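Below is one structure; the comments refer to it alone.
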Amino acid sequence: MSQSKNKSKNNKQTAVEPTNGAGLGANNQKLDDLAPNVEDSAGEFLSTNQGIRVNDNQNSLKAGDRGPTLIEDFIFREKMTHFDHERIPERVVHARGTAAHGYFQVYESMAEYTRAHFLQDPSLQTPVFVRFSTVVGSRGSTDLARDVRGFAVKFYTQEGNYDLVGNNIPVFFIQDATKFPDLIHAAKPEPHNEIPQAATAHDTFWDFISLMPESMHMIMWAMSDRAIPRSLRMMEGFGVHTFRFINARGKARFVKFHWKPLLGLHQVVWDEAQKISGKDPDFHRRDLWEAIENGDFPEWELGVQIVEEKDEHSFPFDLLDATKIIPEELVPVRRIGRLTLNRNVENFFAETEQVAFHTGNIVPGIDFTNDPLLQGRLFSYLDTQLLRLGGPNFHEIPINRPVAPVHNNQRDGFMRQTINRGQTSYDPNSLRGGCPFQAGVDFSGFASYAEKIDAQKVRQRSASFFDHFSQATLFYRSQTAAEQNHIVRALTFELGKVETPPIRERMLGLLAQVDTDLANRVATRLGLSVPKKLEKPMNMSVPADADPRKFQPKRNGEELEPSSALRMVDNPNFPLKTIKTRKIAFLVGDGFDEDSVMDMKMALMKAGAVAMTVAPRLGVLTGVGGETLNADFNFLTGASVLFDAVYVPDGAASVAALQAGPEAANFLREAYQHCKTIAAHGAGVQLLENAGLGETVADAGLIAGHDGDARMLAENFIVGIALHRHWEREVML
Ligand code: HEM
């Protein structure tokens, strides 16, 4: 299969084109498992939930045609009662999300490191269900919020379900799970007026953050373009915590998990994100859905950073601290397998909404560490799902049930589906010969890693957790100039929305600990100056009666070298420049030049991009030679922010039609401002000039072709689009 041929064994991505996984994953055991639960009404009679065929679904039963409805109407009552109970609570966090089915395949056996069955055999395809989400917004909020994206993967392995419940940012805001409710209360809409929705740009969030120096590394990531991805298909994923791999001999090693997207890392700009939120709040959901429907199956490689147990204390940070990464320069990421999403859900509620991920769902060969954030998560997920999904039997919901057999003595509860045969529901028993048996380790029985613990029971953080700034500085200094500028802009936006001056000032004090230039740039835009002295004592999350002076932040050791793996632009881990699945707007009116449209369209399609027509009106457009073209959008339905690049084909009448109103010029100016590639051919160049974007502008992303055919122009256009954005246009703050 082409998939295993394309494997990359080293720590760098090979320049493999993403495979089109068509035909792969056909033997998906989870999809077979779901099949009996799939209902299809095609060609069927309407019935009640009891299977009674319904003769009249238009009128309730009444005493006379103008009389009151009768309580006897069991059909009406059943229908209305079900409707009245349709809603379940949304997730307390990560409420907004979208999901798809797929499969995972390891490149080569990882037996040296782990006995996990799904990581042994390169020919084995393990079914997966993956849900992406934002954290803060409600279920109906916009996809383009500035936020962390959840990246939760459920592997339906032969040894039971394994959930890797990660994010698209490799660190977290807090170090100890007990601060999670505080963090989320601060980030969610403020409780008195429930404003703002799906946004952290408000007082309570920054009040909390300004008092939590441990959040500073995460804040750098959250204010970067990582928090506004172009597509869910174009972002990394991370397990965040350090976990353990354990091999068949019982040897344990530390492991961090990464997902590397084969389409590369790409972002939108903040102004664009805000506009997309209005034009198409389902932008990410739609993008994922359409890519899968079109057979452009998104793919990620699973990467691992493995650390020997003896090296646990050899880093200038603590492996158990979820506010720290292991820089890839210190421990390379080895790519060990590939995830492919190749099927959309049948039903959003049944699958995407009812799926329940849990960090505690692990399989033999993988285990936890004492990361205090992970430890708290191990409690939280099952606990919240008991309420969200209405009782202890949600593991029986089709999307949640494993493909591995389930046998135990757990019984009853609301909505129990399983019909447990037999007299016994306890262990030990003799009446059933002791069944179900405990499984020995050789029979895939899970045995927790026997970590040695010898300690006092304390409410305390390890001093090794107190370096809150080194990695924040590392992240900021690892960004390109344009990306640093985006962080400055994001902080200026967010803190600019804060109404309480001391919060802004406290934040400037913390930013100065990260990078003085960053703090000064933000301060200038806020009309403030950076406080000379840091607030002392800084809140270090210590008990009420501790002496705070003993717990001040320390920078551990020398400054870390900038890491190119942390940036999105020119990140050497993503050398492949592809325009696959990118959406290109063709601005066209009646009288377009057919060759100019078709030549460019063919060249883009060959490169895997999607060309769409935006015209002054919907309907059929007629070219100069009489050929026709359907308009996909007019200027009200098709804004420039919904496309990756713009092309204006030749055709004097077409260009005249586009120039009749201001929309086409605005479209081009906005695309230019968002640093997108723009190409124009023949008379189309006139439109660029009219928009103030004449060819005199020396800009690699602005391509004018006066002569020759559009195919020649296309080569440069494709190179420009593959660069994603032309950051040299960035206006520095
Ligand atoms: C102590 C810290 C944390 C707590 C207590 C916590 C708790 C929760 C809860 C209660 C949910 C809703 C689950 C549901 O209703 O099914 C959730 C969802 C989620 N959390 Fe966390 N979380 C924490 C930290 C993290 C971190 C560090 C990550 C990333 C590594 C993360 C990733 C996710 C994801 C991806 C989801 C959405 C799962 C889905 O798609 O259904 N969380 N979390």
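The values are calculated or read from the model by the stated rules, or taken from the named source; none is laboratory data. Keep in mind that what you see is a predicted model, and the values were worked out from it rather than measured. Here the Cβ positions follow ideal geometry from the backbone for every residue, glycine too, while neighbour counts run over all protein chains shown. With ligands, DNA and RNA removed, areas are computed over all heavy atoms of the protein, side chains included. Shrake-Rupley method; radii C 1.70, N 1.55, O 1.52, S 1.80 Å.
The residues of the range 202-214 that are of a type outside the set (A, V, I, L, M) and under 16 Å from Lys188 (Cβ atoms), listed by number, are His202, Asp203, Thr204, Phe205, Trp206, Asp207, Phe208. The single condition among (1) within 16 Å of the ligand (Cβ to nearest atom); (2) open to solvent by less than 10 Å² (accessible area, probe 1.4 Å); (3) closer than 30 Å to Arg582 by Cβ that Met223 does not satisfy is (1).
Only residues that are open to solvent by 80 Å² or more (accessible area, probe 1.4 Å) and either more than 19 Å from Met602 (Cβ to Cβ) or more than 38 Å from the chain's Cα centre (by Cα) (or both) were counted across the range 703-731, and they come to 5.
Name the one entry in Ala700, Ala691 that is open to solvent by 30 Å² or more (accessible area, probe 1.4 Å) and in contact (Cβ under 8 Å) with a residue 12 or more places away in the chain. Going through Ala700, Ala691 in turn, just one is open to solvent by 30 Å² or more (accessible area, probe 1.4 Å) and in contact (Cβ under 8 Å) with a residue 12 or more places away in the chain: Ala700. Considering only residues in the range 393-415 that are without any contact (Cβ under 8 Å) to a residue 40 or more places away in the chain and not in a loop (DSSP other than H, G, I, E, B), the one that is farthest from the chain's Cα centre (by Cα) turns out to be Glu396. Under the condition of being away from the ligand (no atom under 16 Å from the Cβ) and among the hydrophobic types (A, V, I, L, M, F, W, C), the residues counted in the range 255-288 number 9. Restrict the check to the range 115-122 and report whether at least one residue is within 12 Å of the ligand (Cβ to nearest atom), hydrophobic (A, V, I, L, M, F, W, C) and in a loop (DSSP other than H, G, I, E, B). Among the residues of the range 115-122, not one is within 12 Å of the ligand (Cβ to nearest atom), hydrophobic (A, V, I, L, M, F, W, C) and in a loop (DSSP other than H, G, I, E, B), which makes the answer no. Give me the residue from the range 333-379 that is among the charged types (D, E, K, R) and open to solvent by 20 Å² or more (accessible area, probe 1.4 Å) and, out of that set, nearest to the ligand (Cβ to nearest atom). Among them, the one singled out is Arg377. Taking the conditions exactly as written (buried (at least 20 other Cβ atoms within 10 Å of the Cβ), touching a residue at least 12 places away in the same chain (Cβ under 8 Å), out of contact with any Phe, Trp or Tyr (no Cβ under 8 Å at 6 or more places or on another chain) and not β-branched (Val, Ile, Thr)), does Phe297 satisfy them or not? Here the answer is yes, as Phe297 does meet what is asked.
Selection over the range 171-185 of residues that are open to solvent by 10 Å² or more (accessible area, probe 1.4 Å) and either more than 9 Å from the ligand (Cβ to nearest atom) or outside any helix (DSSP H, G or I) (or both) gives a count of 5. Inside the range 123-132, can you point out the residues that are free of Cβ contacts under 8 Å to residues at least 40 places away in the same chain and outside any loop (DSSP other than H, G, I, E, B)? Within the range 123-132, just Thr126 meets the criteria. Among the residues examined, Phe238 qualifies as closer than 30 Å to Val641 by Cα and either out of contact with any Leu (no Cβ under 9 Å at 6 or more places or on another chain) or open to solvent by less than 10 Å² (accessible area, probe 1.4 Å) (or both). Which numbered condition trips up Phe297, out of (1) among the aromatic types (Phe, Trp, Tyr); (2) touching an Asp or Glu at 6+ places or on another chain (Cβ under 6 Å); (3) over 20 Å from Arg226 (Cβ atoms)? All conditions are met except number (2). Run down Glu561, Glu505, Glu535 and say which single residue is within 28 Å of Trp259 (Cα to Cα) and either among the acidic types (Asp, Glu) or open to solvent by 40 Å² or more (accessible area, probe 1.4 Å) (or both). Answer to the check: Glu561.
Number of residues in the range 482-507 that are among the acidic types (Asp, Glu) and over 18 Å from Ser215 (Cβ atoms): the value is 2.
Here is the figure for the range 241-260: residues that are in a loop (DSSP other than H, G, I, E, B) and open to solvent by less than 10 Å² (accessible area, probe 1.4 Å) total 3.
Inspect the range 190-200 for any residue being more than 12 Å from the ligand (Cβ to nearest atom) and in a helix (DSSP H, G or I) and give the result as yes or no. So far as the range 190-200 goes, no, none of its residues is more than 12 Å from the ligand (Cβ to nearest atom) and in a helix (DSSP H, G or I). From the list Thr424, Thr418, the lone residue that is over 22 Å from Pro36 (Cβ atoms) and part of a loop (DSSP other than H, G, I, E, B) is Thr424.
Looking at the range 668-680, can you tell me whether even one residue there is within 24 Å of Thr581 (Cβ to Cβ), touching a residue at least 12 places away in the same chain (Cβ under 8 Å), among the charged types (D, E, K, R) and crowded, with 23+ Cβ neighbours inside 10 Å? Looking through the range 668-680, at least one residue is within 24 Å of Thr581 (Cβ to Cβ), touching a residue at least 12 places away in the same chain (Cβ under 8 Å), among the charged types (D, E, K, R) and crowded, with 23+ Cβ neighbours inside 10 Å.
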